[in-house]
Amino acid sequence: VATLGAVLVLPRFTRMIVEQERLTKSGLVGFVVLFVLPISAVLLLVSVIAIPIGVLMFLAYGATLIAGAIMSSIIMGSWFYRLLTRHQALEVNWRTALLGVIVFYLVGWVPVIGWLVQALVFLVAYGSIWRTWYQHIWQNR
């Protein structure tokens, strides 16, 4: 439901994130942010002056984890739809989102490598969210 809601309510945002995905670059950014952000937030919580910044970092971390889980199935659906139709561009619509939810769920049932594929797709989605935020919000402020 959240995946379809993201595609229908925030179509421009989801399209930017899906277009931002680059397997190695976004996966690496996702991996680094996944581990560095909470460590730096804890370090900021130690100092009394930076406690509000640390709390905001934890809130951003939680929100982007949820968004990464939602975007994982959208990205997987776009990849799978491109593979099926042999189009060059990635599509983002309700059909690819629904396809992504189904494929993401089924991949999780594959023994041994299913969870690994899901984790890699999550890292790509998580990194794409942070790269989109950086390029479209931070650089255009």
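The values are calculated or read from the model by the stated rules, or taken from the named source; none is laboratory data. Everything quoted here is computed from the prediction, not taken from an experiment. Here the Cβ positions follow ideal geometry from the backbone for every residue, glycine too, while neighbour counts run over all protein chains shown. Only protein heavy atoms, including side chains, enter the accessible area calculation; ligands, DNA and RNA are left aside. Shrake-Rupley method; radii C 1.70, N 1.55, O 1.52, S 1.80 Å.
The C-alpha atoms of the chain define a longest principal axis, and helix 51-85 lies at about 10 degrees to it.
The C-alpha atoms of the chain define a longest principal axis, and helix 114-133 lies at about 60 degrees to it. Against the longest principal axis of the chain, how steep is helix 11-20, in degrees 0 to 90 to the nearest 10, with axes from Cα atoms? Helix 11-20 sits at roughly 90 degrees to that axis. Note on segment 70-141 and segment 1-62: Cα centroid distance 15 Å, given to the nearest whole angstrom. Report the residue, chosen from V46, V55, V107, that carries the largest GNM mean-square fluctuation when the chain is represented by alpha-carbon nodes joined by springs under 10 Å. Fluctuation is largest for V46.
Tell me what the chain gives for mean residue ellipticity at 222 nm when only DSSP H runs of n ≥ 4 count, each as -39,500 (n - 2.57), the sum divided by the residue total, rounded to 500 deg cm²/dmol.
Numbers: 6 runs with 112 residues, N = 141.
It comes out at -27000 deg cm²/dmol, rounded to the nearest 500.
Rolling a 1.4 Å probe over the protein heavy atoms of the chain, with every protein chain left in place, gives an accessible area that is 76 percent carbon and sulfur. Each Lys and Arg Cβ is given +1 and each Asp and Glu Cβ -1; about its Cα centre, the chain then shows a dipole of about 280 debye. The residues of segment 1-133 present an accessible area of 59 Å² per residue when probed at 1.4 Å with all protein chains retained.
Specify which labelled value, from (i) 14.8, 49; (ii) 17.6, 58; (iii) 16.0, 55, agrees with Rg and Dmax of the Cα atoms in Å derived from the coordinates of the model shown. Label (iii) holds the value from this structure. Which loop chymotrypsin sites (Phe, Trp or Tyr not before Pro) in segment 89-141, with loop taken from DSSP, have no more than 14 other Cβ atoms within 10 angstrom of their Cβ? Passing both the DSSP loop test and the Cβ count: W109.
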